[in-house]
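A.B. asks: My questions will all concern the structure given below.
Every number in this text was worked out from the coordinates using simple rules, so none of it is lab data. Because the structure is predicted, anything quoted here is derived from the model rather than measured. For neighbour counting, all protein chains shown are included, and Cβ atoms are generated from backbone atoms with ideal geometry for every residue, glycine included.
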Amino acid sequence: MKFRPLHDRVVVRRITPLEKSAGGIIIPDTVQEKPMEGEIIAVGAGARNEQGIIVALAVEAGDRVLFGKWSGTEIKIDGEELLIMKEADLLGVIEGAPPLVKAA
């Protein structure tokens with residue numbers, strides 16, 4: 001990806017939930033809610049404080065995060081749907097989460 005967010009913005013890829021319920025029922029895409037969990041793809045340099053010093057972000061590329069249901073702006077880069085949002089829109093970092101399985 002050749003996109004770098006500015007200031008205190010981050011680019012997030014949604015992590016899609018399982019398509020089956022606990023009972024084994026397949027849930028169609030039209031009924032599923034948009035996931036509120038994602039992986040940070042890129043981060044900006046940080047925001048400036050009142051003294052003009054750049055303060056680095058608390059997240060970095062590769063972190064798994066939670067965000068609000070209506071947070072961010074949906075963008076499409078290289079055919080992939082991503083979200084761009086301010087760091088303040090993130091609710092928290094999921095630590096100790098199992099690594100994501102990459103499709104071969």
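A.B. asks: Sketch the reach of a paramagnetic label on His7 as a point 7 Å from Cα along Cα-to-Cβ, and name the residues of segment 64-81 whose backbone nitrogen lies under 17 Å away.
C.D. replies: From segment 64-81, the list is 72-73.
A.B. asks: Ok, one more. In nm, what is the difference between 0.36 nm times the number of residues separating Ile15 and Ile53 and their Cα-Cα distance?
C.D. replies: 10.3 nm
A.B. asks: Please rank Phe3, Phe67, fewest neighbouring Cβ atoms within 10 Å first, as an exposure proxy.
C.D. replies: Least to most surrounded, the residues fall as Phe3, Phe67.
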